[in-house]
């Protein structure tokens, strides 16, 4: 019998809440096959559940613990993640709590040798990067899920086994009141890097696991510095390694530092070791202030992925599907893009308008994205923590030259997580006018979130549907309206958004049209995950219909 720890976790700034176990109907003798079950009530699992609920899909979420995760964990959320979190309803709460930032400094021998400013323009609603501890994000997502009648949260329920079958999956669940079997049409594994489901199925990831170990330590301290990424290379107290510092809400600062090769995690987390190293870093940067440890952990940098995220009726997402180095804020931010990509495709399939081929593109699109991320992340990881003597020689040469030679300084670039471009997706239109556009979001790219007016942005008008952005100040042609109506009559969620100077979404000064290289009759077809799948200088009904079918994995009809 599984008994979860019901003692609220200790923290110097966050009050942990207990979500009590509630008896499920299966322990009362009922049997039922659920449509979708998600294992893991972390950020990725909860975003997936909320996204599915937007399409009318009921979801059961299983979680072994009875409280949100321990420690700050994922703390940096990108602009793209904020756009996704807006769709599930927690972006405003995030903004009220998070520290927004856009600058990062690389420091060597007390000198800032490289400073990166993340791009930001007048149309961006969210700052490039936003710091907030993961427990807050999970809390907001849990509270959002609790308000949704299509989402059932089952706390204190541990997965003990899984059976994968061609037409469904079964879970063996252990609880404080005994074990039961849970059956579902689709099982989503969002149970993290140590995924029980992945291990039960004997699936192995491909890629590299770096030998270095790193300590994360959160301390409460008053440091009157702005919110920026601070990377200290080859500090005197930890020669050859890199130290990262991040400011978080509630007076918390995150320190990341690498361990000597032969030191065990137990040795690294011993109080004397932690205290000495944290104090050494504070002394080096000239901070003389009292501090208190909140949480610490040890991790290894990995760049690995499953080759396929779908096995029969089991789908992997987030860290259960891939493990990425934290340098460049890639973990949760990549997982949110997984969740958004998966949810609309699975929902379309369950609602009878998407094909099996549509769901297969979840794997093809996201594995490609992760492989590109791994290639970028590996460059940063090898520079920050050289894996062998050769890399260390090169890195040390760059460090030395950086004090006087500007040409080497861009090598410090930390390659922050970015939204993926699905330019090679099988869901993109076959014969649109993409090549004729000079600017604007191209095939596979996410939309630019245009500012329409004060506190009024394009993404405020997007929901759980395909969208047609149609630029005109004239009447929309009847043939196009008829085509939209015919597609809607097939239960395809499709919404028309007219953009004009005198009608529809306001574009009084033509700014929107300019950013999208649009003229009268220009149109963009946008997937439910806000990625462009077709664009035309002049839209016809036949082109629209063919593109919608293509985007649903049905090909030309």
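The values are calculated or read from the model by the stated rules, or taken from the named source; none is laboratory data. What you see is a predicted model, and the numbers here were worked out from it, not measured in a lab. Note that each Cβ is placed from the backbone with ideal geometry, even for glycine, and that neighbours are counted across all protein chains shown.
Yes/no matrix, rows are residues, columns are (1) more than 17 Å from the chain's Cα centre (by Cα); (2) farther than 21 Å from residue 77 by Cα; (3) free of Cβ contacts under 8 Å to residues at least 24 places away in the same chain:
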{"position": "321", "(1), (2), (3)": "no, no, no"}
{"position": "335", "(1), (2), (3)": "no, no, no"}
{"position": "343", "(1), (2), (3)": "no, no, no"}
{"position": "346", "(1), (2), (3)": "yes, yes, no"}
{"position": "350", "(1), (2), (3)": "yes, yes, no"}
{"position": "354", "(1), (2), (3)": "yes, yes, no"}
{"position": "358", "(1), (2), (3)": "yes, yes, no"}
{"position": "362", "(1), (2), (3)": "no, yes, no"}
{"position": "368", "(1), (2), (3)": "no, yes, no"}
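Restricting attention to region 510-527, the residues that are in a loop (DSSP other than H, G, I, E, B) and in contact with a strand residue (DSSP E or B) (Cβ under 6 Å, 6 or more places away or on another chain) total 3. Condition check for residue 404 on (1) in a helix (DSSP H, G or I); (2) more than 30 Å from residue 334 (Cα to Cα); (3) at pLDDT 85 or above: one failure, at (1).
Could you check region 202-228 and list, in sequence order, the residues that are within 18 Å of residue 311 (Cβ to Cβ) and over 25 Å from the mean Cα position of the chain (by Cα)? Listed by number, the list holds a single entry, 202.
Only residues that are touching a helix residue (DSSP H, G or I) at 6+ places or on another chain (Cβ under 8 Å) and closer than 20 Å to residue 82 by Cβ were counted across region 433-450, and they come to 5. For region 120-134, check the following and say yes or no: at least one residue is outside any helix (DSSP H, G or I), closer than 30 Å to residue 311 by Cα and touching a residue at least 12 places away in the same chain (Cβ under 8 Å). Checked against the condition, which is being outside any helix (DSSP H, G or I), closer than 30 Å to residue 311 by Cα and touching a residue at least 12 places away in the same chain (Cβ under 8 Å), region 120-134 yields no hits at all. Residues that are assigned to a loop (DSSP other than H, G, I, E, B) and crowded, with 23+ Cβ neighbours inside 10 Å within region 15-50 comprise 40, 41, 42, listed in sequence order. Of the residues 507, 473, the single one that is exposed (fewer than 14 other Cβ atoms within 10 Å of the Cβ), farther than 23 Å from residue 84 by Cβ, outside the structural domain of residue 352 (by TED's automatic domain parsing) and in contact with a strand residue (DSSP E or B) (Cβ under 6 Å, 6 or more places away or on another chain) is 473. The set of residues in region 1-22 that are out of contact with any strand residue (DSSP E or B) (no Cβ under 8 Å at 6 or more places or on another chain) and either assigned by TED's automatic domain parsing to the domain that holds residue 178 or in contact (Cβ under 8 Å) with a residue 12 or more places away in the chain (or both) comprises 3, 5, 6, 8, 9, 14, 16, 17, 18, 20. Looking at the structure I just gave you, is residue 89 assigned to a strand (DSSP E or B), in the same structural domain as residue 38 (by TED's automatic domain parsing) and without any contact (Cβ under 8 Å) to a residue 60 or more places away in the chain? No, not satisfied.
What is the residue count in region 407-435 for residues that are touching a strand residue (DSSP E or B) at 6+ places or on another chain (Cβ under 9 Å) and in a helix (DSSP H, G or I)? Total satisfying the criteria: 6. For region 219-230, check the following and say yes or no: at least one residue is at pLDDT below 95 and touching a helix residue (DSSP H, G or I) at 6+ places or on another chain (Cβ under 7 Å). No, every residue in region 219-230 fails to be at pLDDT below 95 and touching a helix residue (DSSP H, G or I) at 6+ places or on another chain (Cβ under 7 Å).
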